[in-house]
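I have placed the structure first, in the form of structure tokens, so that the comments after it can refer back to it.
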Amino acid sequence: MEKKRFFVPTLFVCLILFLVAVLLTTPRALADTPTKLKVSIAYPARHPMTVKAFGVWAKRLEERTNGRLKVTVFPGGTLSKIKENYDATIAGVCDVGMYVPAYAAGRFPLSNAMNLPMLFPSSTAASQAAWDLYQRFPEMKAEYSDTRLLFFYFTPPYEIHTVKKAVHTMKDLKGLQIRTAGPISAKIMGAFGASPVAISMPEAYMGLQ
């Protein structure tokens, strides 16, 4: 399999149901009966983000609350699909949801402005900038008024994986079917002559086959 790094960042957010966030700050949260949280993410069960990020985060929540919080992470969209996670969080299907604002460009216009290419030198810088803007501007906070935002994070530079044709230059993208995340990355790939394909993250590996 050939691969090529390409810096088109994608913004992810992690949200918690507003009502759950309120309950966790009340005396009820100190009761003997543990509060159970369902966390819906798109990464497969063995993905490093599942194991080393969300898995570790869930374990630390349990440890730091002395077991008052019991966190179950549902990987691979098994509880709710990533495109549905924002509304699924509001509806209480999951208590915490991982979401990509790019999947609903008209709903999060300020957040999605940050998905434009070549704005940031790294995913760390992009993630910090997103959080700073969220803290500074009420208009950006208003985009998430139905939930409590836990954190932003941007992906590292994308790697283009192919099974038949190696990609060494932008010209090599012409005619290839490339999986993209949202309309902005689709337009970028289209400008390079590729054909954007809209499939979910868990389906990407099988799509290469």
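The values are calculated or read from the model by the stated rules, or taken from the named source; none is laboratory data. A quick note: this is a predicted structure, and the numbers were derived from the prediction, not measured. Here Cβ is always computed from backbone atoms with ideal geometry, including for glycine, and neighbour counts include all displayed protein chains.
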Output for the stretch 79-110, where each listed residue is hydroxyl-bearing (Ser, Thr, Tyr) and out of contact with any strand residue (DSSP E or B) (no Cβ under 6 Å at 6 or more places or on another chain): 103
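Of the residues 205, 153, which single one is out of contact with any helix residue (DSSP H, G or I) (no Cβ under 6 Å at 6 or more places or on another chain), aromatic (Phe, Trp, Tyr) and within 18 Å of residue 42 (Cα to Cα)? Explain how you work it out, then say what you get.
Details: 153 fails: out of contact with any helix residue (DSSP H, G or I) (no Cβ under 6 Å at 6 or more places or on another chain).
Being out of contact with any helix residue (DSSP H, G or I) (no Cβ under 6 Å at 6 or more places or on another chain), aromatic (Phe, Trp, Tyr) and within 18 Å of residue 42 (Cα to Cα) holds for just one of 205, 153, which is 205.
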Meets criteria (acidic (Asp, Glu) and within 19 Å of the chain's Cα centre (by Cα)) for residue 203: yes
What are the residues in the stretch 1-57 that are closer than 20 Å to residue 127 by Cα, in a loop (DSSP other than H, G, I, E, B), at pLDDT below 55 and hydrophobic (A, V, I, L, M, F, W, C), if any? 7, 8
Tally time: how many residues in the stretch 156-170 are closer than 23 Å to residue 43 by Cβ and in contact with a Lys or Arg (Cβ under 8 Å, 6 or more places away or on another chain)? 6
Filter the stretch 129-160 down to the residues that are surrounded by 15 or more Cβ atoms within 10 Å (Cβ to Cβ) and among the polar types (S, T, N, Q) and list them by number. 147, 155
Every pair of residues 6+ apart whose Cβ atoms lie under 8 Å, when the first sits in the stretch 184-199 and is without any contact (Cβ under 8 Å) to a residue 24 or more places away in the chain while the second is in a loop (DSSP other than H, G, I, E, B) and among the hydrophobic types (A, V, I, L, M, F, W, C): 186/198; 194/176; 195/176
Within the stretch 59-89, residues surrounded by 16 or more Cβ atoms within 10 Å (Cβ to Cβ) and among the β-branched types (Val, Ile, Thr) come out as 65, 71, 73, 82, 89
Residue hits (the stretch 107-163; of a type in the set (Ser, Thr, Tyr) and more than 17 Å from the chain's Cα centre (by Cα)) are 145, 162
Looking only at the stretch 44-102, which residues are touching a residue at least 60 places away in the same chain (Cβ under 8 Å) and at positive phi? 76, 77, 92
Failed criterion for residue 125 (all others in (1) surrounded by 14 or more Cβ atoms within 10 Å (Cβ to Cβ); (2) out of contact with any Pro (no Cβ under 7 Å at 6 or more places or on another chain) hold): (1)
Residue ID - farthest from residue 44 (Cα to Cα), chosen from residues in the stretch 171-183 that are crowded, with 20+ Cβ neighbours inside 10 Å and in contact (Cβ under 8 Å) with a residue 40 or more places away in the chain: 182
Could you go through the stretch 96-111 and let me know if any residue there is over 9 Å from residue 40 (Cα atoms), in the same structural domain as residue 135 (by TED's automatic domain parsing) and of a type in the set (S, T, N, Q). yes
